[in-house]
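Colleague: Here it is, the structure in full.
The values are calculated or read from the model by the stated rules, or taken from the named source; none is laboratory data. Keep in mind the model is a prediction, meaning the values are calculated, not measured. Glycine also receives a Cβ, built like all others from the backbone with ideal geometry; neighbour counts cover every protein chain displayed.
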Amino acid sequence: MRPINLRRVFFLASVFSLTFVYIFLWLRMIHDPAQYTGTDFVPFYAASQIASNEGPGRVYDLNLQKKYEEQLIGFKFPVENVNIYVNPPFMIPLANLVFTPIFRNSLIFWEILMAFYFLTSSIILFSLMHNLFPLKDLLIFLLGLLFFFPAYKSLLIGQNSAILFLGACLWLYGLLKRKDGIAGLGLALMTVRPHIALPLALPFIFKRKVVFWWFLAGVVALALFSWLYSGMDGILGFIKLLTVSAEGINTTVKEKYMVNLIGVLIRLFPNSPLSFIHLVGWVAYLITIIGLCTLWIRSTEIQGKQIGLAILVITFTAPHLHMHDLVLWSIPLVIILLSAQNDHVLIRKLALVPWWLSMAILFCFFSPILESVIPYLILLFLISAVYFPEKILSLSITEKGSIS
């Protein structure tokens, strides 16, 4: 009698379980007006309407956002409950592409568009690794990244984390393939989350400066497009709403549910002044930037360790970050897999790690305690595995087998 292949059993169980849960959650959302009008796509839809009816320069007018969101949802609410549009002006034409008079149809088209960006990111990662790993193991790994829960969460709620992830994949590809122009432009695309892109870009002032100059060129191009599209009113409005988001006074920011340091502090010390928690969070963010710059200066070469660590630390100390942006954790997972390219047994095990993590994160929904513990245990594991792979993964990585 043939022994049971536990690896295959777990893989198939994960595929069927995640597929069932994902389809169930999506169908429940898309058939419930209270749920789909509560998604993060609402401000994108409202911004598209404002741009068409009032002009792109008025997209960041809070009163107009309130007016159009009230029309969509069907009841009035105070201005602090507005689901504010805090994305750069260059994102508005993308929202215009999927706009229809029926909100639900627009949401579905937006999810399809974002899924296309995730698929494009997977193709980039495949081109980076296809000649380093057995095809079967690589496909299982990449499929796990497509099924990675934060990626699904971003699709479910109509977010644009797929664009952030596409930029991160271009950044990783460019760095490891020594194509600094691609790396810099990938970082520029990540400015859909400026508070994440900036600390990842600044260290390149001190090492591999070409990456930073290409980043700057990409940012200038996007800023010029934004200015031509929305005018100076749009640029200033975007900056103003960034400050509103940073202050946390808008209820839709949902700082209590963020998975970063500020979210942890709010949950641990609910009676502490919000201003003090923000101060601690911003100080940690600045220390992270200084620390990454110092790491870049002291490193002889920017390799996988530095890339993975930068992603993981900044996703914890960034002043605003929710579960859907943890899709960036796929980058350290790629780094970990690359570290194991000389160990075929370990490769087969690591190919299942994205599936393990998605299943673990799903358990967060069953208990607030698990929700407050599991993501941070995963974070600690990833940091350890990225920076000390030979200890955590029991590897003996030679200089020849390291990531360059």
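Colleague: Check residue 47 against each of (1) closer than 21 Å to residue 146 by Cα; (2) surrounded by 16 or more Cβ atoms within 10 Å (Cβ to Cβ); (3) not acidic (Asp, Glu) and name the one condition it does not meet.
Modeller: Here residue 47 clears every test but (1).
Colleague: Next up: Every residue in the stretch 56-80 that is within 26 Å of residue 27 (Cα to Cα) and either in contact with a strand residue (DSSP E or B) (Cβ under 7 Å, 6 or more places away or on another chain) or assigned to a helix (DSSP H, G or I) (or both), please.
Modeller: Answer for the stretch 56-80, where residues must be within 26 Å of residue 27 (Cα to Cα) and either in contact with a strand residue (DSSP E or B) (Cβ under 7 Å, 6 or more places away or on another chain) or assigned to a helix (DSSP H, G or I) (or both): 68, 69, 70, 71, 72, 73.
Colleague: Let me ask something else about it. For residues in the stretch 103-147 being over 16 Å from residue 162 (Cβ atoms), in contact (Cβ under 8 Å) with a residue 12 or more places away in the chain and in a loop (DSSP other than H, G, I, E, B), which is farthest from the chain's Cα centre (by Cα)?
Modeller: 134
Colleague: Which numbered condition trips up residue 100, out of (1) in a loop (DSSP other than H, G, I, E, B); (2) modelled with pLDDT of 95 or more?
Modeller: Exception for residue 100: condition (2).
Colleague: Continuing with this model, one more query. Can you list residue pairs whose Cβ atoms sit under 8 Å apart, with the first residue in the stretch 7-32 being free of Cβ contacts under 8 Å to residues at least 60 places away in the same chain and the second being part of a helix (DSSP H, G or I) and surrounded by 14 or more Cβ atoms within 10 Å (Cβ to Cβ)? Count only pairs 6 or more apart in sequence or on different chains.
Modeller: Pairs that qualify, where the first residue is free of Cβ contacts under 8 Å to residues at least 60 places away in the same chain and the partner is part of a helix (DSSP H, G or I) and surrounded by 14 or more Cβ atoms within 10 Å (Cβ to Cβ), are 28/35.
Colleague: Same structure, new question: Report whether or not residue 318 is buried (at least 22 other Cβ atoms within 10 Å of the Cβ), among the hydrophobic types (A, V, I, L, M, F, W, C) and farther than 19 Å from residue 385 by Cα.
Modeller: Criteria met by residue 318.
Colleague: Which is buried (at least 19 other Cβ atoms within 10 Å of the Cβ) and part of a helix (DSSP H, G or I), of 331, 290?
Modeller: None of the others qualify; the one that does is 331.
Colleague: Right, next: Tally up the residues in the stretch 36-63 that are at pLDDT below 90 and aliphatic (A, V, I, L, M), please.
Modeller: Here the count works out to 1.
Colleague: Something else about it: Can you find, within the stretch 217-269, the residue that is farthest from residue 280 (Cα to Cα) among those that are modelled with pLDDT under 80 and in a loop (DSSP other than H, G, I, E, B)?
Modeller: So, considering only residues that are modelled with pLDDT under 80 and in a loop (DSSP other than H, G, I, E, B), the one farthest from residue 280 (Cα to Cα) is 250.
Colleague: Quick one: count up the residues across the stretch 179-197 that are out of contact with any Asp or Glu (no Cβ under 8 Å at 6 or more places or on another chain) and in contact (Cβ under 8 Å) with a residue 60 or more places away in the chain.
Modeller: Within the stretch 179-197, residues that are out of contact with any Asp or Glu (no Cβ under 8 Å at 6 or more places or on another chain) and in contact (Cβ under 8 Å) with a residue 60 or more places away in the chain number 4.
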